[in-house]
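The values are calculated or read from the model by the stated rules, or taken from the named source; none is laboratory data. Since the structure is predicted, the reported quantities are computational estimates derived from the model, not experimental observations. Cβ atoms come from the backbone with ideal geometry, glycine included; neighbour counts cover every protein chain shown. Accessible surface areas use protein heavy atoms only, side chains included; no ligands, DNA or RNA. Shrake-Rupley method; radii C 1.70, N 1.55, O 1.52, S 1.80 Å.
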Amino acid sequence: MEHITVYGAPWCPDCRRSKAFLTEQRIPFRWVDIDADASGRAFVEDLQGGGRTIPTIIFPDGTHLLEPSNAELAARLGLQLRASRSSYDLLVMGGGPAGLSAAIYAAREGLDALILERGALGGQAGATEQIDNYPGFPEGIRGQELADRLVAHARRYGVEMVSGADVTGIRRDEGEAAVYVETAAGDIYSAPVALVATGSRYRRLGVPGEEGLTGLGVHYCATCDGPFYRGAGEVVVIGGGNSALEEAVFLATLAEHVTILVRTEVRASELVADKVRNHPRITVRTGVEMDGFGAVNGRLGAVLAHERVTGAALRIEAPAAFVFVGLDPNTQFLRGAVDLDERGFVRTDDRYRASLDGVFAAGDVRAGSAKQVGSAAGEGIAALLQIRHWLADRHERPMPRVDEG
Ligand code: NAP
């Protein structure tokens, strides 16, 4: 497939913004650093009659945009950033397996659901290279394919889905019959009931060099960014859970060698731990504490750490490091409106109800959820069944038709 090409430089904030937007929307692109690539620089100057505005973004049909805003980029890519109406039967925040499954069930019940998704539909599952434990797929399934299937299923039932809609606030005023949510673009949507299914994202380490080198060698998504390091001699993975080990196995299909740095000890399922242990091109180093990331020419040059027991410094030269050190919930917009646990996950009762009337939560974002793709889809469905009861109790809807067993 022909890719979009982004010409830019490491020091350019608008280049970073455009790259982050494309990555978030899971749109593959080729990056040309015009500081390091003279032919790339000449191409940009030729195109602009000597000018050097970056990012310069070239599309597969040969057209280009210079320094576009995210909205311009979204419009050029045909992304829907705004819903067709402002009022629905159900607002679903988050277009991952939980939100999509809930919306499919809602649509089958005749509920008019709107999905608001900040990034690309499919959620974290869509950014996972291979999912081997989703029941019914004995050979495993690529995360992107599972995501595409869920989206196609929702589309078949006419669910309206908006990607690139970042929800920034939610409220239900005393005595009001509707929940209102607001997006970063300033749009306000309302419905009698809302489901929070915004999932979680990979946590940052918070060590020196991490922020500045994010996207320039420090990454959080192996499926999205791993292919840039095809043929690299060494790639480092940080973390010792299922995510780190599974993504390391994928990265070992691209790079010649992968080193996994684990702070204490490996905490992954036996199956994947065995796969890593027996892998000829993966080395696991336990008891290693991260100190930071070192730059060379504006990109990652070395991973800096030390051994916890001996204190011995460790420096691994590598063009890429992938960080998988747990999950942070996407609940910033709920702070002050909905009860969250100490780590920021949404507290619910056993009927998936959050503390704000008319707001439910399901999937990875919910405190106590299993953080599995299968259970997220299941929770989306279970929450939707509770939403139907809730609506029926308020005489907003007739009682449910389907069997619940
Ligand atoms: P996780 O299981 O919570 O593991 C986090 C890892 O990051 C641990 O090894 C932890 O080390 C390390 N860590 C945390 N803070 C760190 C720091 N500051 N510096 C260095 N290391 C640090 O996270 P996860 O792998 O992202 O998985 C999240 C959830 O999703 C889990 O429930 C997991 O089971 C699930 N999941 C399941 C699958 C699957 O079923 N196939 C796949 C992916 C994820 P310490 O132990 O030293 O704290």
Query - Checklist (1) under 22 Å from ILE27 (Cα atoms); (2) open to solvent by 10 Å² or more (accessible area, probe 1.4 Å) applied to ILE115, failing item - result: (2)
Report task. Would you check if LEU334 is within 30 Å of VAL346 (Cα to Cα) and open to solvent by less than 30 Å² (accessible area, probe 1.4 Å)? Result -> yes
Report summary line: The correct count of residues that are in contact (Cβ under 8 Å) with a residue 60 or more places away in the chain and within 25 Å of GLY169 (Cβ to Cβ) in segment 104-137 is 10
Report task. Can you tell me which residue among ARG155, ARG201 is outside any loop (DSSP other than H, G, I, E, B), under 19 Å from the mean Cα position of the chain (by Cα) and surrounded by fewer than 22 Cβ atoms within 10 Å (Cβ to Cβ)? Result -> ARG201
Query raised in the report: Which one is farthest from the chain's Cα centre (by Cα), of the residues in segment 77-112 that are on the phi > 0 side of the Ramachandran plot and surrounded by fewer than 19 Cβ atoms within 10 Å (Cβ to Cβ)?
Result: GLY110
**Report entry** Among residues of segment 227-254, those that are surrounded by fewer than 24 Cβ atoms within 10 Å (Cβ to Cβ), outside any helix (DSSP H, G or I) and more than 8 Å from the ligand (Cβ to nearest atom), counted
**Finding:** 8
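Residues ASP350, ASP291, ASP274: which one is assigned by TED's automatic domain parsing to the domain that holds ARG118, charged (D, E, K, R) and either farther than 30 Å from VAL32 by Cβ or open to solvent by 60 Å² or more (accessible area, probe 1.4 Å) (or both)?
Criteria check complete, one pass: ASP350.
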Query - The one condition in (1) among the hydrophobic types (A, V, I, L, M, F, W, C); (2) in contact with a Leu (Cβ under 9 Å, 6 or more places away or on another chain); (3) surrounded by fewer than 22 Cβ atoms within 10 Å (Cβ to Cβ) that VAL181 fails to fulfil - result: (3)
Query raised in the report: PRO319 versus (1) assigned by TED's automatic domain parsing to the domain that holds LEU254; (2) within 22 Å of ARG118 (Cβ to Cβ): which is the lone unmet condition?
Result: (2)
Query raised in the report: Does segment 206-219 contain at least one residue that is within 16 Å of the ligand (Cβ to nearest atom), assigned to a strand (DSSP E or B), within 27 Å of ALA98 (Cα to Cα) and not assigned by TED's automatic domain parsing to the domain that holds GLN124?
Result: yes
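From the list ALA74, ALA36, ALA20, pick out the single residue that is of a type in the set (A, V, I, L, M), on the phi < 0 side of the Ramachandran plot, touching a residue at least 12 places away in the same chain (Cβ under 8 Å) and buried (at least 16 other Cβ atoms within 10 Å of the Cβ).
ALA74
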Query raised in the report: SER84 passes all but one of (1) at pLDDT below 95; (2) farther than 30 Å from CYS12 by Cα; (3) in the same structural domain as ALA376 (by TED's automatic domain parsing); which number fails?
Result: (3)
